[in-house]
Amino acid sequence: MRNDNAPLIRLEDYRPTDYLIDTVDLTIKLHPTATTVISRLALRPNPEGQAGASLALDGDELNFASISLNGTQLAANAYTASPQQLVLHHPPQEAFTLSIETSINPTANTKLMGLYRSSGTYCTQCEADGFRRITYFLDRPDVLSVYTTRIEADVDTPLLLGNGNLRETGALDSGRHFAVWDDPFPKPCYLFAIVGGDLDKVEDIFTTVSGRKVTVAVYVERGKRERAWYALDSLQRSMHWDETVFGREYDLDVFNVVAVSDFNMGAMENKGLNVFNDKYVLASEDTATDGDYANIEAVIAHEYFHNWTGNRITCRDWFQLCLKEGLTVFRDQEFSSDERSRPVKRISDVRTLRSAQFPEDGGPLAHPVRPRAYKEINNFYTATVYEKGAELIRVLKILIGPDNFRRGMDLYFDRYDGTAATIEQFIASFAEASGSDLAAFSQWYEQAGTPRVTARGVYDAAAKTYCLTLSQTTAPTPGQAEKQPMVIPVALGLIGESGRELALETADNTVENGVLILDTPERSVTFTNVTERPVPSLLRGFSAPVTLDIDLSDDDLLVLFAHDTDAFNQWQAAQTIASRIIIRAVEQVRAGKPAEVPAKLAEALDRFLDAHAQRDPAFAAQVLSLPGEADIAREIGENIDPDAIHAARKAVRQSLGRALADKLAELYASLTINAPFSPDATQAGQRALRNAVLDLLTTGDAFRGEALARAQFDAANNMTERLGALATLAHVPGEARETALAAFAERYKDDPLVLDKWFALQASIPETSTLERVKGLLNHPAFSLSNPNRTRALIGSFAMANATQFARADGAGFAFLADMIISLDSTNPQVASRLSTAFRTWKTLEPTRRAQAEAALRRIAAKSPLSPDVADIVNRSLA
Ligand code: B3K
Ligand code: ZN
C-alpha cells in the first residue's frame with residue numbers, strides 16, 4: 001500500500017540508550033519567527049548501552065546553527081546535521097558536554113507540537129515526540145535529566161514560565177527580559193514546557209499535608225480571569241484528595257496551569273507547568289454547562305495526578321503508556337466519584353467506555369492496552385489505553401481488595417520513584433504487596449478485544465438451588481487470531497422475584513465478597529438455600545470491561561430495574577430493556593412496518609420516576625436517556641442502517657414521551673431551582689433531569705415541548721439550561737429553532753469556546769440539510785480549520801455524533817470528511833488523524849454505505865504526501 005513507509009516500532013526491540021543526559025541547560029530566546037534555542041547537555045556513556053556507539057539525537061524541522069563539544073566548536077566532519085537528526089560520529093567515552101544551537105519558527109508551527117504560538121502566547125507541547133521540534137535530543141521517555149531553563153523575551157511578553165521553581169528574573173538590553181527556572185526532579189523531555197505571554201491569573205496558596213506552602217495559579221487570556229476560579233478550586237481539591245486517598249504530596253513551590261486556545265488535545269501534565277486547552281479551564285455559569293464544570297474538575301485532577309503517576313514515575317517506553325494513562329484516568333475517576341455521585345459517575349464512565357472503546361476494540365483499530373508495535377505513537381493515545389487501561393486498574397483492585405491495592409500503590413511509588421517503569425514492574429508491586437499471583441491478570445494488557453461473557457441460570461425450586469454458568473469468548477482482533485480466557489471478576493447478587501436481595505451461599509465459598517472470578521472458558525457455581533426464584537444481577541458496578549449476554553426475560557429485567565440494590569445494574573436493566581425494544585423496532589422499520597412499542601417500559605419508567613426523580617435526579621436523568629444510536633448499532637453489530645436505527649429509536653422515544661406526557665410535564669415544573677446558581681452535583685443533577693425530561697416531552701409532543709423549550713431558552717440564567725433548551729429545539733425543524741440558534745450566535749459572537757457548542761449542535765442535527773449547513777458554517781467568521789476545538793466541534797461532531805448524516809447512503813457525508821482530512825493533513829496531522837478514526841466502524845455498515853466509506857478511505861490513502869499519522873489510521877482501517 002502507498003504511504004505506508006513509516007517503520008514499525010516493536011516492544012520486543014527495546015534497548016536502553018547508549019548515552020545518558022544528566023542535565024539539560026536551555027536558553028530559549030523567544031522570537032515570533034526566529035526563536036533561538038541553545039542547549040547545553042551533560043552526557044555520559046550509559047553503562048547499559050553499547051560502548052563506542054555514535055550518538056544520534058532526534059530532531060524534527062530544526063534549523064541547525066552550531067555544535068561544540070566540551071566548549072570547542074566541532075569540526076564539520078565530526079558530526080552530521082539535518083532537520084531530522086544530529087549525529088555525533090565519535091562521542092567521548094567519558095562524561096562530556098555538548099552545546100547545540102538551533103533556530104525555530106513558532107509562528108509557522110501549525111502542527112501545535114513543539115514550540116508554537118496560540119493567540120500570541122508562546123507555548124509548548126512535547127508529548128509524545130515534540131521536544132525534538134525544539135532542540136536535538138534523545139527524545140524518548142527513558143532518558144531522565146535535570147533541567148534548567150532560561151527564557152528571554154521582549155517586554156511585550158512579560159510572563160515567562162518554565163518547569164520547576166523560579167530562580168531568577170531580570171532585565172536585559174534593548175527592551176528584553178529573562179526568567180530562569182530550575183526543575184530539581186529528573187524528567188523525560190516530553191514533560192518539558194515553557195510559556196511566554198501576557199496573561200491574567202488567579203492564584204492561591206495551598207498548604208500541603210506536611211505544611212509546605214505551594215503557590216497555585218491558573219493563567220488565562222486577559223479578560224477571562226473570572227472564569228478561572230473553578231479550575232483553581234478543582235486543583236486544590238485534587239491536591240488534597242491525592243494526599244488523603246493515595247498519600248501523595250506535591251513536591252515543588254509552585255504549580256502553574258496555563259490555558260491556551262489552540263491545543264491538540266485536552267491538557268498536558270508538564271512538570272509544575274500544566275498547559276491546558278482552555279475548554280478544560282474556563283467556566284462561568286453563563287458560558288459553561290454542568291458537563292463542562294465536571295470535565296474541568298476531572299481534567300485538572302487528571303493532569304495534577306500525573307505528577308506522581310507519570311512524572312515522578314514515568315514510562316520506560318511508549319508501549320507502557322497505559323502505565324501512566326490508565327492509572328491516572330482511574331485516579332481521576334475515583335476523585336470525581338468522591339466529589340460527586342459514585343454511581344452516576346460510574347454510569348457515565350461506562351457509557352464513555354462503551355461508546356468510545358468498545359467500537360475501537362471490536363474494529364480494525366483494535367489493539368491491546370499495551371500495544372506491541374506502532375508506527376505513529378500519537379495514534380495510540382486511545383480509548384483503549386486510557387479508558388480500558390483504567391478499567392484494568394479497577395479489575396486489579398477488585399481482585400486483590402482495596403487494602404492490598406493501596407499497599408501495592410505505596411510499594412510502587414516507593415520502589416520506582418525517579419525511574420521510567422514498565423507494566424511488569426507495576427504489576428509485580430501488587431503481586432508482592434498482596435501475595436497473589438497476577439500472571440493471569442496481566443494477560444489483560446496483552447490481549448485486545450472485548451470478552452463476551454454469557455450467563456445461564458437454572459433454578460431448582462425443590463432443592464432450593466440456583467446453578468449459574470458463566471462462559472467467556474473473545475473474538476479475533478487484528479494480529480491476534482487466538483484468544484486466551486481472561487480473569488474476569490463478576491460482582492453479583494441475586495434478587496428474588498419478591499424484590500428481596502438474597503443471601504449468597506455456596507457449598508465451597510466460591511463467591512467471596514459478592515465476586516465470582518471467571519478465569520476459565522466456563523465456570524459454574526451453585527447457590528444453596530435459595531428460597532425463591534432468583535433474578536441474577538451480574539457484573540455489578542460494571543466489575544470488568546466485558547459485554548454480558550444473559551437470558552433474562554423482559555420481566556426479569558423489570559425486577560432488576562425496580563429492585564436491584566446495585567444502582568449501576570438498576571440503570572443497566574433499564575438500558576437493556578430499552579435496547580431490546582429499540583432493536584425490535586429497527587427490525588419492524590426495516591421490514592417497512594410501523595414500530596410497535598410495548599407499554600411496559602413506560603409503566604416501569606413511570607414507577608421509577610415516582611421513586612427516584614426527586615431523591616436522585618442525576619441518576620434519574622441517566623435512566624431517562626435511553627441507549628444512543630451508536631449503542632444500538634453496536635448491539636446489532638453488522639449490516640447497519642443508521643436511518644432505520646434513528647427512526648426506531650425516535651419511535652420508541654415518541655411513544656414514551658406520549659405515554660408519560662403528564663408525568664413529565666409535572667416533573668419538569670417541579671424541578672425548577674430557586675437557589676443561586678452553583679455548579680455542584682446536586683443542582684447539576686436537577687438540571688440534567690430537567691433537560692432530559694424536556695427532551696423526552698418534546699419528542700412525544702413537539703408542539704407542547706417546543707413552547708416549554710423556547711421559554712426555557714429565553715429565561716435561562718445559566719448555560720446548562722440555555723443549551724439544553726437549544727439542543728431540544730435543534731431537533732424540531734422550523735422557525736423557532738432558527739430564531740434560537742441566531743439569538744445564541746449573537747449573544748456569544750465574541751466567545752469562540754461557546755460558539756463551539758453552537759457548531760456542534762448544528763452539526764449533529766439528523767436531517768439531510770445538515771451537510772449543507774455544516775459546509776456553510778466552514779465559512780462562518782468564528783470558524784477556523786487551524787483551531788482544533790473549532791474543527792472538532794463542527795467536523796468532529798458531524799462525523800462522530802450524527803450517524804445518519806455522516807453515513808448518508810449517497811456517500812456525501814464520508815466524502816466531506818475525507819476532504820476535510822485531506823486538507824488538514826498537511827497543516828495539523830494529529831487532528832486530521834483523530835478525525836479519520838470516525839471511519840473505524842465502517843465495516844459494520846450495510847453494503848451500500850460500506851462501499852461509500854471504503855471509497856472515501858481509499859481516496860485519503862491515495863493522497864500524496866500523506867502524514868504518517870493519517871496513513872497509519874487509514875491503512876489499518878482498510879486492512
Ligand atoms: N499526556 C497528555 C496526552 C498527550 C497526547 C500526545 N499526543 C494528556 C494526558 O493524558 O494527561
Ligand atoms: Zn493523562
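The values are calculated or read from the model by the stated rules, or taken from the named source; none is laboratory data. This structure is a prediction, so every number in the text was calculated from the model and none was measured. Every residue, glycine as well, gets a Cβ built from its backbone with ideal geometry; the counts of neighbours run over all protein chains shown. Side chains included, ligands, DNA and RNA excluded: accessible areas come from the protein's heavy atoms. Shrake-Rupley method; radii C 1.70, N 1.55, O 1.52, S 1.80 Å.
When Rg and the Kirkwood Rh are both derived from Cα coordinates, the Rg/Rh ratio for the stretch 335-436 amounts to 1.01. Each peptide in 795-801, 50-56 was scored by the mean count of other Cβ atoms within 10 Å over its residues; highest first, the order is 795-801, 50-56.
Of the listed residues Lys863, Lys650, the order by accessible area with a 1.4 Å probe, largest first, is Lys650, Lys863. Among the GluC sites (Glu not before Pro) in the stretch 736-806, those placed in a DSSP loop whose Cβ has at most 15 other Cβ atoms within 10 Å are Glu767. Of the trypsin sites (Lys or Arg not before Pro) found in the stretch 178-281, the ones in coil according to DSSP and having at most 13 other Cβ atoms within 10 Å of their Cβ are Arg212, Arg222.
Sites listed here are trypsin sites (Lys or Arg not before Pro) in the stretch 567-648 whose DSSP assignment is loop and whose Cβ has at most 13 other Cβ atoms within 10 Å: Arg615.
Hull volume per residue, based on the alpha-carbon atoms of the stretch 1-158 and their convex hull, is 139 Å³. Relative contact order for the stretch 552-656: 32 percent, from Cα pairs under 8 Å spaced at least 6 residues apart, divided by residue count.
Ranked by the mean number of other Cβ atoms within 10 Å of their residues, highest first, the peptides 509-516, 437-444 fall in the order 437-444, 509-516. What you get for the chain, charging only the Cβ of Lys and Arg (+1) and of Asp and Glu (-1), is a dipole of about 1360 debye around the Cα centre.
Based on Cα atoms of the chain, Rg over Rh with Rh as the Kirkwood radius reads 0.97.
In terms of the mean number of neighbouring beta-carbon atoms within 10 Å, the peptides 170-180, 385-395 order highest first as 385-395, 170-180.
Computed with a 1.4 Å probe on the full set of protein chains, the accessible area for Glu666 sits at about 130 Å². Computed over the alpha carbons of the stretch 164-235, Rg followed by Dmax gives 15.0, 45 Å.
Per residue, the accessible area of the chain comes to 37 Å² when a 1.4 Å probe rolls over the protein heavy atoms. When the square roots of the Cα gyration tensor eigenvalues are ordered a ≥ b ≥ c, the ratio a/c for the stretch 726-879 is 1.5 or more and a/b does not exceed b/c, which makes its shape oblate.
Taking only the Cα atoms of the stretch 92-137, the radius of gyration and Dmax are 13.4, 46 Å.
Using a 1.4 Å probe on the protein heavy atoms, what percent of the accessible area of the stretch 336-383 belongs to carbon and sulfur? After summing per-atom areas, the C and S share lands at 51 percent.
Compared with the alpha-carbon gap, the fully stretched path from Leu8 to Asp610 is longer by 211.0 nm at 0.36 nm per residue.
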